[in-house]
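Please treat every number below as a calculation from the coordinates, not as lab data. Just so we're clear, the structure is a prediction, and the values are computed from it rather than from any experiment. When we count neighbours, we look across all protein chains shown, and the Cβ atoms used for this are built from the backbone with ideal geometry, even at glycine.
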Amino acid sequence: MKDSSKKKCRCCQKARPLALFHRLEGTTAIHPFCRPCLAMTVRQRTADRATRRVLTKRDCAQCGQQLPIQMFHWLRASNSYHSYCRPCHAAYMAERYRRLMEVRKRG
Ligand SMILES: [Zn+2]
Ligand SMILES: [Zn+2]
């Protein structure tokens, strides 16, 4: 019997049964990586992205400090980070609240 039911994985270079390869939806194409390798690559890519996010920095429009991106609020509506860092944003909100209260007292 000809060994046609096996495919060599481009990642681990091992001949594996076709069942171990991910078939691309709607096509006859088969992914060059076997499923275990594919899972590993995806995990690796996710880990890379996580590290990059940690390293990303942003300048705060209020205090001018360059801070890690975790120090900024994520604005889902505008699909971007807030231009103020969390402490500045908190201070800004507190100030706004204080002014609002002042106006209420006066009015
Ligand atoms: Zn493989
Ligand atoms: Zn700031």
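Miscellaneous remarks
- Shape call, the chain: gyration tensor on alpha carbons, a/c limit 1.5: prolate
- Local electrostatic count, residue 71, Cβ distance below 10 Å [Lys/Arg +1, Asp/Glu -1]: +3
- Loop-resident trypsin sites (Lys or Arg not before Pro) (DSSP state other than H, G, I, E or B) in the stretch 1-94 with no more than 12 further Cβ atoms inside 10 Å of their Cβ: 2, 10, 76.
- Our summary gives the stretch 57-107 a relative contact order of 27 percent, counting only alpha carbon pairs under 8 angstrom and 6 or more residues apart.
- Compared with the dominant principal axis of the Cα atoms in the chain, helix 35-55 is inclined by about 20°.
- Straight-distance candidates among the lysines for linking to residue 6, with alpha-carbon spacing under 22 Å and chain neighbours fewer than 8 residues away dropped: 14.
- Ellipticity at 222 nm from helices only: DSSP H runs of n ≥ 4 in the chain, each -39500 (n - 2.57), divided by the residue count, give -13500 deg cm²/dmol.
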